[in-house]
Amino acid sequence: MEHVKSLLTKVGIDPERLEMFNLSAAMGPRWAEMCNEFTEKIRRLGPSPIWMATCSPKKNIKE
Amino acid sequence: MITGEQKPFEEIWNMVKDFKKVLVFGCNTCVAICHAGGGKEAEILASLLRMRAAEEGAAIEINHAAVERHCEPEFFQPVMENIRTYDLILSTACGVGVNLLSENIGDIPVFPAINTEFFGAVPRAGEFTELCAGCGNCILHLTGGICPIARCSKSLLNGPCGGTNNGNCEVSPDIKCAWVLIYDRMKKLNKLDLMKEINEAKDWSKAQGPRNFKVKVLEEIKK
Ligand code: SF4
Ligand code: SF4
């Protein structure tokens, strides 16, 4: 994980955008919680530089 | 095996940014073992370059491929037709591979994505250490199997120098003094008397390139 994060940093992507979670198949509620937390975190960080570079400004505003 | 490390990403990006169709070409032997230039690393590098190209708005097609070896033409010849459709080959092979592919490919540039370092041993997975410098005139029988050319910071033929420090080299406490290792080994082998003999200056002409040789037996068979 640390290695992949360092690779992302090299291309100017915030390593916070990547996370790994370990949990068992029986942990459905915790899984949902993590998904929500991570989605919230990514929203806070805003669109990624790749998305900004490859998508039109119009689409950006719509979102 | 040959060891190498990937060049800094910015240096690689500056090499490729003005091309339109780039192949990141991996070698699945030595440089794959040191996690610098195998097929997997070529794929990751291609992916990072595509991200960077997207950020910069540069229209470059970047793909990846790998063959088992770049140091023997028979391994890359089968894919030659395909790789000739690119306008840059970014090779993650060692310098030998980059040279040989350059010679064989025609008008297409072949650039190095890794810095080739030394040929070394793998004492533990992920660790590489230089034990022989390929001097062309081996003296390991005189030094207890420990090479002073590769392992002494000054490549002294007669040592140790005055800098040896509790078994370490004066250059760094992380480097074992090769001549202390040689002494200890000779002591174990009961050959300390050899330490008193002066090793004469080596014939360094054999250590310098360009070097090449042909296997005599095979030459004779060809005749
Ligand atoms: S003496 Fe020369 S050939 Fe022998 S191990 Fe040292 S560098 Fe290699
Ligand atoms: S301290 Fe030992 S290894 Fe270092 S330069 Fe002197 S003889 Fe060579």
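The values are calculated or read from the model by the stated rules, or taken from the named source; none is laboratory data. In this text the structure is predicted, and so the values were computed from the model without any measurement. Counting neighbours? That spans all protein chains shown, and the Cβs are built from the backbone with ideal geometry, glycine included.
Just to be sure, is B:Ile182 assigned to a helix (DSSP H, G or I) and assigned by TED's automatic domain parsing to the domain that holds B:Gly167?
Yes.
Residues being in contact (Cβ under 8 Å) with a residue 12 or more places away in the chain, part of a helix (DSSP H, G or I) and either more than 10 Å from the chain's Cα centre (by Cα) or within 13 Å of another protein chain (Cβ to nearest Cβ) (or both): count how many of those fall in the stretch A:1-46.
4
Name the residue, out of A:Ala32, A:Ala25, that is modelled with pLDDT of 95 or more and either farther than 22 Å from B:Gly57 by Cα or in contact with a strand residue (DSSP E or B) (Cβ under 8 Å, 6 or more places away or on another chain) (or both).
On inspection, the qualifying residue turns out to be A:Ala32.
The conditions are (1) away from ligand 2 (no atom under 14 Å from the Cβ); (2) out of contact with any helix residue (DSSP H, G or I) (no Cβ under 7 Å at 6 or more places or on another chain), and B:Ile149 fails exactly one of them. Which is it?
B:Ile149 satisfies every listed condition except (1).
Look at the stretch B:95-135 and say how many of its residues are in a loop (DSSP other than H, G, I, E, B) and either within 15 Å of ligand 1 (Cβ to nearest atom) or touching an Asp or Glu at 6+ places or on another chain (Cβ under 6 Å) (or both).
5
Which members of the stretch B:136-165 meet the condition of being in a loop (DSSP other than H, G, I, E, B), more than 21 Å from the chain's Cα centre (by Cα) and within 16 Å of ligand 1 (Cβ to nearest atom)?
Across the stretch B:136-165, the qualifying residues are B:Ile139, B:Thr143, B:Gly144, B:Gly145, B:Leu156, B:Leu157, B:Asn158, B:Gly159.
Can you tell me which residue within the stretch B:173-212, out of those that are surrounded by fewer than 10 Cβ atoms within 10 Å (Cβ to Cβ) and small (Gly, Ala, Ser), is nearest to B:Thr143 (Cα to Cα)?
Checking each candidate, the answer is B:Ala201.
I need the full set of residues from the stretch B:37-72 which are under 21 Å from B:Cys27 (Cβ atoms), hydrophobic (A, V, I, L, M, F, W, C) and away from chain A (no Cβ under 11 Å), in order please.
Residues satisfying the conditions are B:Ala42, B:Ala46, B:Ile62, B:Ala65, B:Ala66, B:Val67, B:Cys71.
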